[in-house]
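The values are calculated or read from the model by the stated rules, or taken from the named source; none is laboratory data. Since we're looking at a predicted model, the values are computed, not measured. With ideal geometry, Cβ positions are generated from the backbone for all residues, glycine too; neighbour counts draw on all protein chains shown. SASA here: full protein model, heavy atoms, side chains in, ligands and nucleic acids out. Shrake-Rupley method; radii C 1.70, N 1.55, O 1.52, S 1.80 Å.
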Amino acid sequence: MIPNLSNSQTIQKTVIETEHGVVAAQHSRAARIGAEVLAAGGDAVDAATAVSFAIGVVEPWMSGPAGGGAMMLWRAEEGRAYALNYGMRSPKALNIADYPLSGAGKADDLFPWEKVQDDRNVQGATSIAVPGLVDGVGQAHGRFGKMPWRDLVQPAVDLANEGLYVDWYAALIIASTTRALAQDPDAAALFLEDGQWPTIAGWTSIAEKRLDMTAMGRSLSEIADKGPREMYDGDLGAAMAADIQAKGGSLSHEDLRSYHATFHDPLTFNHGKARFDVMPGLTAGPTFQQIYDHLGKAGMTGESPNADAYCAYVNGLKAAYAKRLGEMGHDGESPEAPGCTTHFSVVDRHGNMVAQTQTLLSIFGSRVVSPSTGFLMNNGVMWFDPVQGRPNSLAPDKPCLMNVCPVLGDTGTGTRFAFGASGGRKIVGAVAQLSSFMCDYGMSLSDAFHQPRVDISGGDTVVADDALPADVIAALSAQNPVHTTRRTIFPYAFACTAGVMRRDGKNAGCTEIMSPWGDAISEDQI
């Protein structure tokens, strides 16, 4: 229990069903831009393209062109799903010797593994991996998009030229990382007052403060005019790589030129009447399936999740995490660390869907800005275990093991959905529980998103929403150490979810109820 918070306050988000397309995203302005694309006749992939670039401007600490991620796509006419992996890779010139262990034991900030000298794998130019987002989004658009590429990137250009509006929430995020941002002159100049103080919003409703994002706007304009490969093959990519090498990193233009996102067949499996399509490979998709292997054996019965159900969620998560860490290695971000990820989902009026997760990894990524491009860079090298001889050990030219878990689901009773979340290792547990609420208990989208959840991504202790009934808490406590907490705005004790659904030709969307920026907007609201 958090003693400072009101016990009489209730928070909820309204979910409306509509025949029109819907975008659910962690920032309302990005969601609105996606809905405008749908209203103009765009496909779900067109809307996702516009949202991807726009959200990288309005919450640049969560994702952006210099990040990576993955998406699941449902094509209604084909009746099939596609998986697209645009995860990051370590640079080819990365030298393992540049990441010596400090001997100071476990890292005290972001890692569940050994600390590296000067946190060279955590922040700074040496933590930067090869970004994949722009190529991935470009490939999705090239295959399924209907509207011109330039028209979809232009709204992000306009947002950048307008400047990032600093409200109380943006000020809180910037303040949380001020000390680290101050270590890079270009990051400090972009995000901090006088290069050292947190940028704080005005105290009155008429005060307005904005960050100058015009450098990012110019780069996005280049991508809009020349296409997605400008980030990799063109002068923009060359300038970005030169910036990072000048700061001591190993990212090269050759790394960018050789990068290509990849389409895959999804990992598909059944759970009772339900059917899921998730990401295969070095993502949390296989872990999601392992959770459902356990839930299938446990048997999820009753009209709503009871104590047995929540114990099954915990036991399934524990078993799946043990298998993941044993076979795939740690996946970088500790559950206590603030994640730098965003998720959004789209459904268009024809039933096409996109579940897309994109990230810089840590909040503000590497805390390094490329001055030539204005892009905040990722710290994807942090995903690798610095100890050699393990499944996910650091090495050059190696794909990163990601936490992302975009999911397409079919309840088997006429409802299809596209879910995902941000929040590091909290992601897969949150998405698994949301999906179970829908598939095992027939909840509406609104009920599923407002239903309390549990998390056990941080070890043996179960973090339980204190809104859960006393008998559920008691049953969990009989088997595990339990810490109860409130769903709050900051920090997030649970993952930040977003999703859309379709049933009988009607669409709906919802985002994490505690997210002050998150929103689901339909094209008929434009």
Checking the cross-link filter: which lysines have an alpha carbon closer than 18 Å to that of Lys92, excluding same-chain neighbours under 8 positions apart?
Lys247, Lys398
Could you sort the peptides 394-405, 239-250 by per-residue average Cβ neighbour count (10 Å cutoff), highest mean leading?
394-405, 239-250
Under the rule rounded for a/c under 1.5, else prolate if a/b exceeds b/c, else oblate, using alpha carbon gyration tensor axes a ≥ b ≥ c, the stretch 429-484 is classed as prolate
Tell me whether the chain comes out rounded, prolate or oblate; compute the Cα gyration tensor, take square roots of the eigenvalues as a ≥ b ≥ c, and use a/c under 1.5 as the rounded threshold.
rounded
How big is the charge dipole of the chain about its Cα centre, in debye rounded to the nearest 20, if each Lys and Arg gets +1 on its Cβ and each Asp and Glu gets -1 on its Cβ?
720 debye
Once phi for every residue in the stretch 357-373 is put through the Karplus expression 6.51 cos²θ - 1.76 cosθ + 1.60 (θ = phi - 60°), the whole-Hz ³J(HN,Hα) values, with Gly and Pro written as x, are 10, 9, 7, 9, 5, 7, 5, 6, x, 7, 6, 10, 10, 6, x, 6, 10
Ordering of 506-513, 98-105 by packing [mean C-beta count within 10 Å, highest first]:
506-513, 98-105
For every helix of n ≥ 4 consecutive DSSP H residues, a contribution of -39,500 (n - 2.57) applies; sum these over the chain, divide by its total residues, and give [θ] at 222 nm rounded to the nearest 500 deg cm²/dmol.
-9500 deg cm²/dmol
If I compute solvent accessible area with a 1.4 Å probe over the protein chains, what percent of it on the chain is carbon and sulfur?
48 percent
Dipole in debye (nearest 20) - the stretch 93-147, about Cα centre, beta carbon charges: Lys, Arg +1; Asp, Glu -1
380 debye
Probe 1.4 Å, accessible area per residue of the chain, Å²
36 Å²
